[in-house]
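Colleague: For reference, the structure I am asking about is given below.
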Ligand code: AQP
């Protein structure tokens, strides 16, 4: 049985990109693999965030993960800060990684390169992410396309550590969906849909009411030539809508394009399809918010199981680099 690990940052409200690029796969994986999912709250500290907001979003993240269909009876759901081995292993991996490879991370280049006031954590967080993954000896890491480079770093650090100190870590594989790996902002189709970018009309949140979803899809930016074809390079806005419809129906984007002639018809049917896609989540969330005791219990049980696995990996890594254990 494969071990699968993935995480989500509680830095805002979850959106359609998170669902399509990641959660969909997480739900499918829990039935076939040993699946471990983490709310990576330490990652949310890399940029300014209000403490009360972070607490609220971390709790909501757990509610949302349960709402999308994760079942704590068959998978593990926990908060990163509840397992102290994450920052501990990060240090060992920071002493394995180089400045040069962290400088090449495109997310850092986009958000903080060259700024004196940028937090050190924003520069080093790909190493924390590597620790998240390697602690659980994950074979597969389902992620959206934006995380591919970070996954490559985790693989590189695992291999380097293993070859320097002896076999310690499993080298993970990225699992990126073939359709919907990068859901784009509906108003700015050249950039990905993102929870920390303020684009209220361009972002469909998983908690949006049907009328909101319809309004946002109707106003989605396309192009003026009116030609219905799937061309992600030339027609980014339309390609995004075709991909989303393909995710909802199980077709390919080209097959979807062949069924429509007018953008308006595609938008109307896509809005209806997205409302249906997100409906079960909305209903489950309404139930769960009334039951915080269950959510806290899921996080406590998840942390206990995660800690058991993480502690064993950390001890192995610490011994490998030469740290004197308490047992001496
Ligand atoms: N637009 C997207 N399309 C497809 N997949 C996406 N993911 C995120 N955005 C898209 C995938 O969702 C999982 C959880 O991501 P995350 O929330 O932890 O962090 P992120 O990738 O940095 O997402 P955001 O929304 O852009 O957050 P902020 O704005 O706070 O940085 C990951 O598997 C990710 O690939």
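FYI, it's all coordinate maths here, none of it is from the lab. A quick note: this is a predicted structure, and the numbers were derived from the prediction, not measured. Cβ: placed from backbone, ideal geometry, glycine included. Neighbour counts: every protein chain shown.
Colleague: Where a ≥ b ≥ c are the square roots of the eigenvalues of the C-alpha gyration tensor, would you call segment 7-114 rounded, which needs a/c under 1.5, or, failing that, prolate if a/b is larger than b/c, or oblate?
Modeller: Prolate, because a/c is 1.5 or more and a/b exceeds b/c.
Colleague: Follow-up question, since we're still on this one. State the antiparallel share, in %, of DSSP beta bridges confined to the chain, rounding to the nearest 5.
Modeller: Looking only at bridges with both residues in the chain, the antiparallel portion is about 10 percent.
Colleague: With labels modelled as points extended 7 Å from the Cα through the Cβ direction, what inter-label distance (nm, one decimal) is found for residue 227 paired with residue 47?
Modeller: It works out to 3.6 nm between the two label points.
Colleague: Further question on the same structure: How would you classify the chain from its alpha-carbon gyration tensor, with a ≥ b ≥ c the square roots of the eigenvalues: rounded for a/c under 1.5, else prolate if a/b is greater than b/c, otherwise oblate?
Modeller: Prolate, since a/c reaches 1.5 and a/b exceeds b/c.
Colleague: Right, something else. Would you look at the GNM of the chain, springs on alpha carbons closer than 10 Å, and say which of 297, 80, 115 moves the most?
Modeller: Of 297, 80, 115, the Gaussian network model singles out 115 as fluctuating most.
Colleague: Once a ≥ b ≥ c are taken as the square roots of the eigenvalues of the Cα gyration tensor of segment 254-311, is the result rounded (a/c under 1.5), prolate (a/b larger than b/c) or oblate (a/b not larger than b/c)?
Modeller: Oblate.
Colleague: Something else: Comparing 11, 194, 163, which has the greatest mean-square fluctuation in the GNM of the chain with Cα pairs linked when under 10 Å apart?
Modeller: Looking only at 11, 194, 163, the largest GNM fluctuation is found for 163.
Colleague: How large is the helix-only mean residue ellipticity at 222 nm for the chain, computed as the sum of -39500 (n - 2.57) over DSSP H runs with n ≥ 4, divided by its residue count, in deg cm²/dmol to the nearest 500?
Modeller: Calculated from helices alone, the mean residue ellipticity at 222 nm is -16500 deg cm²/dmol.
Colleague: Go ahead and collect, in residue order, the members of segment 183-218 whose backbone nitrogen is under 18 Å from a label point 7 Å along the Cα-Cβ direction of residue 115.
Modeller: So the set is 192, 194-199.
Colleague: Also, quick follow-up: Assuming R0 = 22 Å, can you tell me the calculated FRET efficiency for the pair residue 284 and residue 252, based on Cβ-Cβ distance, to the nearest 0.05?
Modeller: Between residue 284 and residue 252 the formula returns 0.15.
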